[in-house]
Amino acid sequence: MKKLLTCFFIILFLLGLLILFISFKMFVVSGNSMEPTLNDGEKILVNKLAYLFSKPQRGDLVLVNAEGKTWVKRIVGLPDEQIEIKDGGIKINNKILYESYIKEIHTYGDQRTFLAPGQFYVLGDNREPNQSVDSRILGPVSLKNILGKVVVQMSPNFKFLRKVNYQFGY
């Protein structure tokens, strides 16, 4: 009986390790497109199963596969929304989006995009010219190209990433 119980706990432990291995991926940030939130060379932990039972939310940091590369970006626009970048600001469905986390208050670009069901608009936090390859260049990203949600910043200091609260104005 004792042997059976020990075997059960070993199998349970190994199953737990397998689930952790399948669910999470370590990723190293490359470039400065997510500054000041994430810096070049920082390690992050990505939950690959985060959107299996929930939908991506505005403000989520995500790992995106686009044009054969993997990028870290922030979700700004959600499915069925109209995104407009004009005069340095972002409007979502004609309401100004206030963002406290971006490096540059001015978002460069001049475009209007209508997101279809299942499409997301992603941007880097560094909005200075030529600093981020994101939806302004790549266009909307589909859910199938979102590889997971960034949940932990591993270096230089370990910290869980907080949910961003957004405010809209007119």
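The values are calculated or read from the model by the stated rules, or taken from the named source; none is laboratory data. Keep in mind that what you see is a predicted model, and the values were worked out from it rather than measured. Here the Cβ is made from the backbone with ideal geometry for all residues, glycine too, and neighbour counts use every protein chain on show.
Points worth noting:
- Residues of segment 2-29 that turn out to be surrounded by 14 or more Cβ atoms within 10 Å (Cβ to Cβ) and under 18 Å from Val133 (Cβ atoms), as a count: 2
- If the condition is being under 12 Å from the mean Cα position of the chain (by Cα), hydrophobic (A, V, I, L, M, F, W, C) and either in a loop (DSSP other than H, G, I, E, B) or loosely packed, with under 14 Cβ neighbours inside 10 Å (or both), then segment 30-54 contributes Met34, Leu38, Ala50.
- Test: residue in segment 105-112 that is assigned to a loop (DSSP other than H, G, I, E, B) and under 21 Å from Val151 (Cβ atoms): no
- Taken over segment 104-129, residues that are of a type in the set (Lys, Arg) and crowded, with 17+ Cβ neighbours inside 10 Å amount to 1.
- Figure legend. Inter-residue proximity from segment 45-72: first residues at negative phi, second residues part of a loop (DSSP other than H, G, I, E, B) and modelled with pLDDT under 95, beta-carbon distance below 7 Å, spacing 6+ or different chains. Indicated pairs: Leu45/Met154; Arg58/Tyr166; Leu61/Leu161; Trp71/Val133; Val72/Val29; Val72/Met34; Val72/Leu38.
- Taking the numbered list (1) in a loop (DSSP other than H, G, I, E, B); (2) over 12 Å from Lys149 (Cα atoms); (3) in contact with a strand residue (DSSP E or B) (Cβ under 6 Å, 6 or more places away or on another chain); (4) not basic (Lys, Arg) in turn, Ile90 passes all entries but (1).
- Of Lys86, Lys69, Lys95, Lys91, all but one fail to be closer than 19 Å to Ser142 by Cβ and basic (Lys, Arg); the exception is Lys69.
- Single unsatisfied condition, Ala116 versus (1) assigned to a strand (DSSP E or B); (2) at pLDDT 95 or above: (1)
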